[in-house]
Amino acid sequence: MMVGLMDIISQMGRWLVITGITLAVVGGVFWLLGKLRGFEEFPGTIRMEGNGISCVFPLLASIVLSILLTLVLNGILRIFRH
């Protein structure tokens, strides 16, 4: 019974480390992208400005980022499944 529990704990630890590394990499990418200028001028960006408030919705950039992350995560999952 304890061997099964240790396997589960070991597997949980491995997934926590993988999740932490993934979050650190994604955070670093977002940090680097935030340093670059010009993303708010992409086509497909909706800008709303009012009295003392402004909102920017980068729709096209969000779609492109979503597609790229989907491809990357599917590739990572395929590597771990084999």
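Every number in this text was worked out from the coordinates using simple rules, so none of it is lab data. Fair warning: this is a prediction, and the values are worked out from it, not measured in the lab. Quick reminder, even Gly has a Cβ in these numbers, built from the backbone with ideal geometry, and neighbours come from all protein chains shown.
Please give the helix 2-35 orientation as an angle from the longest Cα principal axis of the chain, in degrees from 0 to 90, rounded to the nearest 10.
Roughly 20 degrees between the two axes.
Please report, in debye to the nearest 20, how large the charge dipole of the chain is about its Cα centre when each Lys and Arg carries +1 at its beta carbon and each Asp and Glu carries -1 there.
Details: 6 positive and 4 negative charges, 46 e Å.
With only Lys, Arg, Asp and Glu charged at Cβ, the dipole is about 220 debye.
For L33 and R81, what does the FRET efficiency come to when R0 = 35 Å and r is the distance between their Cβ atoms, rounded to the nearest 0.05? All intermediate terms of the calculation are to be shown ahead of the outcome.
Values: r = 29 Å, r/R0 = 0.84.
Computed FRET efficiency for L33 and R81 comes out at 0.75.
Name the residue farthest towards the positive end of the dipole of the chain from the options L68, F57, I18, assuming +1 on Cβ of Lys and Arg, -1 on Cβ of Asp and Glu, about the Cα centre.
I18
Can you tell me the orientation of helix 59-81 relative to the chain, as the angle in degrees between its alpha-carbon axis and the longest Cα principal axis, to the nearest 10?
10 degrees
Taking each pair of distinct Cα atoms in the chain once, what is the resulting Kirkwood hydrodynamic radius in Å? Before the final figure, lay out each step's value.
Details: mean 1/r = 0.0617 Å⁻¹.
Result for the chain, one decimal place: 16.2 Å.
Can you figure out the FRET efficiency of V25 with S62, using R₀ = 25 Å and their beta-carbon distance, to the nearest 0.05? Don't skip to the answer; put the middle values down first.
Numbers: r = 19 Å, r/R0 = 0.76.
Rounded to the nearest 0.05, the efficiency is 0.85.
7 Å from Cα along Cα→Cβ at both N74 and Q11: what's the point-to-point distance in nm?
Computed distance between label sites N74 and Q11 equals 2.6 nm.
Can you pull out the trypsin sites (Lys or Arg not before Pro) in the chain whose DSSP state is coil and whose Cβ has at most 15 other Cβ atoms within 10 Å? List each step's numbers first, then the result.
Working: sites: R14, K35, R37, R47, R78, R81; in loops: R37.
Answer by residue number: R37.
What length, rounded to one decimal in nm, is gained on full extension from E41 through to C55, with 0.36 nm per residue of separation minus their alpha-carbon distance? Don't jump to the answer; show the numbers that get you there.
Numbers: separation 14, 0.36 × 14 = 5.04 nm, distance 1.31 nm.
That works out to 3.7 nm of additional length.
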